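Novice: I'd like to ask you about the structure that follows.
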Amino acid sequence: MPKYQASEIEKKWQEDWEKNQVYQTNGQNHSKPKFYVLDMFPYPSGSGLHVGHPKGYIATDIVSRMKRQKGFNVLHPMGFDAFGLPAENFALKNKVHPRTSTEKNIETYIRQLKLIGLDYDWDRMISTIDPDYYKWTQWIFIKFFEKGLAYESFEPINWCPVDKTGLANEDLENGKCERCGSLVEKKLMRQWVLRITDYADRLLEDIEKLTDWEPSIKEMQRNWIGRSEGAEVNFQVKGFNQIIKIFTTRIDTIFGCTYVVLAPENKLIEELKSQISNWVEVNKYIEAVKNKSDLERTDLNKDKTGIILEGIKAINPFNNQEVDIYIADYVLNSYGTGAVMAVPAHDERDFEFATKYKIEIKKSIEAENQNNLPMTLDGILVDSGEFSGLKSTEARNEMIKWLEDRELGSRKINYKIKDWVFSRQRYWGEPIPIIHCESCGPVAVPEKDLPVRLPEVDQYEPSGTGESPLANMTDWVNTKCPKCGGTGKRETNTMPQWAGSSWYYLRFIDPKNDQQLVNKELEKFWSPVDLYVGGAEHATRHLIYARFWHKFLFDIGVVNHDEPFIRLHHVGIIMGEDERKMSKRWGNVINPDDVIKEFGADSLRLYEMFMGPFEQSVSWNTKGLVGIKRFLDKVFDEVNKVAQGNLEFDEKDLKKALNILHKTIQKVEKDIEEFKFNTAVSQMMIFVNSVMTLKLGDEARIIWKDFLKILAPFAPHLSEELWHLLGEKDFIVLSSWPKVNEEYLMDDTLNIVIQVNGKLREEIEVDKDLTEKEIIELAKKQENVTKFLDQKQIIKEIYVKGKLISFVVKD
RNA sequence: GCUGGGAUGGCGGAAUUGGUAGACGCGCGGGACUUAAAAUCCCGUAUCAGCAAUGAUGUGAGGGUUCGAUUCCCUCUCUCAGCACCA
């Protein structure tokens, strides 16, 4: 008998599949239903793939193969997100041009991915660094610019001193740079910003439409967008024209307001400067705050600090009471109006501050059994003038109406999400297609001049001055204004890593189109992406950005749907054998190439699916692979026996085999749909363990062929080999998925469990045609049941059809 | 602090309209084959008592609903992830 030689088999079929182009998507065939399944494309780092990376790719591969077998026109493409910091830093470190190193890395990735036997249509591969690709990234930017959604801003932004670039809010983790972990500084600089806040409401509301997304990811997005409903209230500065606008979600507590706080960066302070009698001290405080890092400022454990503005008072519009004005760094300038009304009795932060600075604490809400201050729950208003006695919820509506009638404020919704800081002071990114003209201001590069190619430079290290390395390229920078023909300078900032990935899924539909971003008819057929799989770390980054761009493209008529991804699954991380994240630093990285060499790609695929629930993180365990290899060995040996023929036959066994086969088809199909790959694999093991003991004669060929068809998405190479061994000429990967025959699913007998007072006492096997009455009578006769029924009164008999009988007895 | 998950044998994990807890795999114990080893095959494997039949206990802790709870409700502990002075 031959032995299962994975590497030979895999090489042979990979070459054969490629030669016959079995995985090429026919983009024009719209007669079959479509299925677009997509992996979050990787950025090709220098260290290549480790075994954790392909887990999600294997899952989508299995789904796409099953869908193909079920008659769908499948689109399953792969590409590379090749711009951005990691690629550039790798290149800097290794003293090569980023393009050279990136292209080399892409080659490595493709080689590794091909070894795994994934069914990508490589003809559609895209790379974000390809000028034919980033032409359209730039085109989208210009559309944003034309619609006023891309604008220049001069506000202070997050600046990473190590990576030497500005960052978006989404690029931070606990006040540190998500890439390199350095403390982020505030830096005042010119930057391009995308007005994502204009879409905040739609991004939030449409989460409801994403019924096939995991709830956890949706919740993260909701929190990130952070909508809060409240009111803006005008507090006039006594005796002056200036108005302090504050934002609050708890206007019902306003009669308890005893002071007002401005953020140290609030521009109003400069206007009030001349009225502030202790300006010297105040200015000192503001300077001190400026020198603090963001992390110091936002440290929750620290004491709250602030300073009173002497000489001025604010007036509470509801009761005309004069209250003190403070500045304090616990108020953020970047949220709401950068000013708050402080109600120490009903807000923890205000309470802490008021206690420290001995400010009056005035109660205006009462709730049952809540006597301790601060009391932050809703309740009944007290000492609140005409609003006393109202419930908080009612009061909020009434009081906003009151304000609006008098034009002293209005209903207001605020979001935590900030506009997207979109420029990077780095070399390796898409140039922002803008020309600055002395007379016209910033002007978009005309569409016919796209792409604006990233020039080749010798020095691409970041300058650290806030200028992009491109600024030194005078030949490139100096140009003509497309509008007036006068002298112009090119924008030298580049786009962030996230730009290219915010729309790439559209390009796969029509990757070679140089006339438009995507053909609208093709887009209509293929969009949206039916299944999208990738890491959970993208929940509030890539996935929000991509939804934002997609909605914009929808608004300008480029796409036909307003959400890009119908169904989303996140893949759980594979940890090292030491239960730490796989990393060079820990020396626990496992390379798929090595695993494939030793066990074969099919074993790797099956093992990664069998390890545990798909979404959960699990540790790698090489011993676990042994079990999978044994399983595939068994399949190989059994089918070889079947191929040799001369097997014994038993009619009863055939019935059993058909029963287990069809149960397996049904379960595997359902499990793949539900992303429960681990139980699909166990079911296939159950099938093999039981069928290998049966006498099936020549019928075995039929049984095993059907089984190979459902094994094929998991272990395509082995299945293909054995399929041909059983005499088939066409490819199994193009065969049709077996249909479940209900007739074979029926069992002849039922196992009925008998309980007495809820305790399991006996199990009986009965004919499936017996009536309820007959089964109960039979149950009562069982020795181990009579034992417990004896001398007792049966007060209840419960029968769960086909499953269980429960007697309830009393002495 | 807020939000969302999770806790089941020695290990990874199964079990959903409340109905046989521990499927499948690893590991471990015993046996067969072998001069021997590996591989392979067979049997066993939650805990306690028992030769066994069987009985008792058992799904993070405590309570509740129910004939019956890993599953539903209440209280709590631990843990993972995301956000975090967002007014």
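Novice: Counting other C-beta atoms within 10 Å, and keeping those with at most 14, which DSSP coil chymotrypsin sites (Phe, Trp or Tyr not before Pro) do you find in segment A:213-311?
Specialist: A:Phe240
Novice: Expressed as a whole number of Å, what is the distance separating the alpha-carbon centroids of segment A:419-484 and segment A:13-84?
Specialist: Segment A:13-84 and segment A:419-484 have Cα centres spaced 35 Å from each other.
Novice: Tell me, what is the 1.4 Å probe accessible area of A:Asp650, in Å² to the nearest 10?
Specialist: Rounded to the nearest 10, the figure is 60 Å².
Novice: Take segment A:617-656, drop everything but the C-alpha atoms, weight them equally and run the Debye formula without solvent; then report log10 I(q)/I(0) at 0.17, 0.22, 0.27 Å⁻¹ to two decimals.
Specialist: Relative scattering, expressed as log10 I(q)/I(0), comes to -0.65, -0.80, -0.93.
Novice: Okay, next question. For A:Asp475 and A:Asn94, FRET efficiency with R0 = 30 Å and r from the beta-carbon atoms, rounded to 0.05?
Specialist: The calculated FRET efficiency here is 0.65.
Novice: Restricting to DSSP loop positions (anything but H, G, I, E, B) with no more than 12 other Cβ atoms inside 10 Å of their own Cβ, which trypsin sites (Lys or Arg not before Pro) remain in segment A:1-63?
Specialist: Filter output for segment A:1-63: A:Lys3.
Novice: Round to the nearest 0.05 the FRET efficiency obtained for A:Arg630 and A:Lys32 when R0 = 41 Å and r is the Cβ-Cβ distance.
Specialist: 0.60
Novice: Moving on to the next point. Using bins 10 angstrom wide from zero, how does P(r) for segment A:290-366 break down, in % of all Cα pairs?
Specialist: The distribution over segment A:290-366 is 15, 49, 30, 6, 0, given as percents.
Novice: Report the label-to-label distance for A:Lys652 and A:Glu521 in nanometres (one decimal), using points 7 Å from each Cα along the Cα→Cβ vector.
Specialist: 6.3 nm
Novice: How much accessible area does A:Thr771 have with a 1.4 Å probe, in Å² rounded to the nearest 10?
Specialist: Result for A:Thr771: roughly 70 Å² accessible.
Novice: At 7 Å along the Cα-to-beta-carbon direction for both A:Asn621 and A:Asn640, put a label point, then send me their distance in nm to one decimal.
Specialist: So the two model labels end up 2.9 nm from each other.
Novice: Along the charge dipole of segment A:597-659, which of A:Met609, A:Leu632, A:Ser619 sits closest to the positive end, that is, farthest toward it, with unit charges on the beta carbon of Lys, Arg, Asp and Glu (+1, +1, -1, -1)?
Specialist: Going by the Cα projections, it comes out as A:Ser619.
Novice: Next question. Which three semi-axes in whole Å describe the equivalent ellipsoid of segment A:51-179, each the square root of 5 times a Cα gyration tensor eigenvalue, listed largest first?
Specialist: On the way: eigenvalues 214, 88, 54 Å².
Over the Cα atoms of segment A:51-179, the ellipsoid semi-axes are 33, 21, 16 Å.
Novice: Still on this structure, please answer the following. Largest first and in whole Å, what are the equivalent-ellipsoid semi-axes of segment A:589-695 based on the Cα gyration tensor, each being the root of 5 times an eigenvalue?
Specialist: Its equivalent ellipsoid spans semi-axes of 29, 18, 9 Å.
Novice: A:Leu770 to A:Lys796: extension gain in nm, 0.36 nm per residue of separation minus the Cα-Cα distance?
Specialist: Additional length available on full extension: 7.3 nm.
Novice: Additional query: Determine how many Å³ per residue the convex hull of the Cα atoms of segment A:127-210 encloses.
Specialist: Working: hull volume 13.2 nm³, N = 84.
Dividing the Cα hull volume of segment A:127-210 by its residues yields 158 Å³.
Novice: In segment A:729-811, which trypsin sites (Lys or Arg not before Pro) are in a loop and have at most 15 other Cβ atoms within 10 Å, using DSSP for the loop call?
Specialist: Of the trypsin sites (Lys or Arg not before Pro), the ones in loops of segment A:729-811 whose Cβ has at most 15 other Cβ atoms within 10 Å are A:Lys729, A:Lys739, A:Lys768, A:Lys781, A:Lys792, A:Lys801, A:Lys803.
Novice: Put one equal scatterer on each alpha carbon of segment A:206-303, apply the Debye formula with no solvent term, and list log10 I(q)/I(0) at q = 0.10, 0.11, 0.22 1/Å to two decimals.
Specialist: Reported log10 I(q)/I(0), two decimals: -0.50, -0.58, -1.22.
Novice: At 1.4 Å probe size, with the rest of the protein present, what percent of the exposed accessible area of segment A:692-737 is carbon and sulfur atoms?
Specialist: 47 percent
Novice: Near A:Lys483, which aspartates and glutamates are there with a Cα under 12 Å away, not counting those fewer than 8 places off in the same chain?
Specialist: Cα-Cα hits under 12 Å: A:Glu438.
Novice: Determine the gain in length on full extension of the stretch A:Glu537-A:Cys440; use 0.36 nm per residue of separation and subtract their C-alpha separation, reporting nm with one decimal.
Specialist: Result for the pair: 30.8 nm of gain on full extension.
Novice: Also, I was wondering about something else. What do you get for Rg/Rh of segment A:460-618 when both radii come from the Cα atoms and Rh is the Kirkwood radius?
Specialist: 1.10
Novice: Can you give the Kirkwood hydrodynamic radius for segment A:505-558, in Å, rounded to one decimal and based on Cα pairs?
Specialist: 12.3 Å
Novice: Can I ask one more? Tell me, what does the Kirkwood hydrodynamic radius of chain A come to in angstroms if you use every pair of distinct C-alpha atoms?
Specialist: 31.7 Å
Novice: While we're here: Please compute the net charge surrounding A:Thr393, taking Lys and Arg as +1 and Asp and Glu as -1 over other residues with Cβ under 13 Å from its Cβ.
Specialist: Around A:Thr393, the charge tally is -2.
Novice: Also, I was wondering about something else. Would you kindly compute the Cα radius of gyration of segment A:1-92 and its largest Cα-Cα separation (Dmax), both in Å?
Specialist: When restricted to Cα atoms, segment A:1-92 yields Rg and Dmax of 17.1, 55 Å.
Novice: Please state, as a whole number in µm²/s, the translational diffusion coefficient that the Stokes-Einstein equation yields for segment A:335-376 at 4 °C and 1.567 mPa s, with Rh defined as the Kirkwood radius across alpha carbon pairs. Mind showing how you got there, number by number?
Specialist: On the way: Rh = 10.9 Å.
So the translational diffusion coefficient is about 118 µm²/s.
Novice: If you don't mind, another one. From the cross-link list A:Lys164/A:Lys292; A:Lys759/A:Lys801; A:Lys70/A:Lys739; A:Lys238/A:Lys401; A:Lys176/A:Lys267, which pairs have alpha carbons spaced over 21 Å apart? Please report the intermediate quantities before stating the final value.
Specialist: Numbers: A:Lys164/A:Lys292 19 Å; A:Lys759/A:Lys801 18 Å; A:Lys70/A:Lys739 10 Å; A:Lys238/A:Lys401 24 Å; A:Lys176/A:Lys267 27 Å.
Distance filter (> 21 Å) returns A:Lys238/A:Lys401; A:Lys176/A:Lys267.
Novice: Moving on. As a test of the formula, what do you get for chain A when each DSSP H run with n ≥ 4 contributes -39,500 (n - 2.57) and the sum is divided by the residue count, at 222 nm and rounded to the nearest 500 deg cm²/dmol?
Specialist: Calculated at 222 nm, the ellipticity per residue is -11000 deg cm²/dmol.
Novice: Accessible area per residue, 1.4 Å probe, Å², for segment A:1-67: what's the number?
Specialist: So segment A:1-67 comes to 43 Å² accessible per residue, rounded to a whole number.
Novice: Which Cα, out of A:Ala657, A:Val668, A:Tyr545, lies furthest along the positive dipole direction of segment A:524-675 (beta carbon charges, K/R +1, D/E -1)?
Specialist: A:Tyr545
Novice: Set the bar at 29 Å for Cα to Cα. Now go through A:Lys11/A:Lys32; A:Lys147/A:Lys480; A:Lys641/A:Lys663; A:Lys623/A:Lys656 and name every pair that lies beyond it.
Specialist: From the list (A:Lys11/A:Lys32; A:Lys147/A:Lys480; A:Lys641/A:Lys663; A:Lys623/A:Lys656), the Cα-Cα distance tops 29 Å for A:Lys11/A:Lys32; A:Lys623/A:Lys656.
Novice: As I understand it, the dipole of chain A uses +1 on the Cβ of Lys and Arg and -1 on the Cβ of Asp and Glu, about the Cα centre. Which of A:Gln515, A:Ile434, A:Asn588 lies farthest toward its positive end?
Specialist: Toward the positive end, the furthest listed residue is A:Ile434.
Novice: Considering only chain A, what is the antiparallel percent among its DSSP beta bridges, to the nearest 5?
Specialist: Values: 74 of 99 bridges.
The answer is about 75 percent antiparallel.
Novice: Once the Cα gyration tensor of segment A:698-795 is found, what semi-axes does its equivalent ellipsoid get, as square roots of 5 times the eigenvalues, in whole Å, sorted largest first?
Specialist: 49, 14, 11
Novice: By Kyte-Doolittle mean hydropathy of at least -0.5 and Cα axial length of at least 30 Å, which whole DSSP H helices of chain A are selected? Can you show the working numbers first?
Specialist: On the way: long enough: A:622-644 (33 Å, -0.12); A:651-673 (34 Å, -0.91).
Span-like helices in chain A: A:622-644.
Novice: List, in order, the whole-Hz ³J(HN,Hα) value for each residue of segment A:317-327 obtained from phi through the Karplus relation with A = 6.51, B = -1.76, C = 1.60 and θ = phi - 60°; use x for Gly and Pro.
Specialist: x, 6, 10, 6, 6, 8, 10, 5, 10, 10, 10
Novice: On to the next question. Dipole magnitude of chain A about its Cα centre, charges +1 at Lys/Arg Cβ and -1 at Asp/Glu Cβ only, in debye to the nearest 20?
Specialist: 680 debye
Novice: Taking only the alpha-carbon positions of segment A:172-243 and ignoring solvent, what does the Debye formula give for the base-10 log of I(q)/I(0) at q = 0.20, 0.24, 0.29 Å⁻¹?
Specialist: -1.03, -1.08, -1.20
Novice: Still on this structure, please answer the following. Rounded to the nearest 0.05, what FRET efficiency do A:Asn751 and A:Lys810 give with R0 = 25 Å and r taken as the Cβ-Cβ distance? Could you check?
Specialist: 0.35
The values are calculated or read from the model by the stated rules, or taken from the named source; none is laboratory data. All values reported here derive from a predicted model rather than from experimental measurement. Reconstructed Cβ throughout: ideal geometry from the backbone, glycine too, with neighbour counts over all protein chains shown. The accessibility values were calculated without ligands, DNA or RNA, using every heavy atom of the protein model including side chains. Shrake-Rupley method; radii C 1.70, N 1.55, O 1.52, S 1.80 Å.
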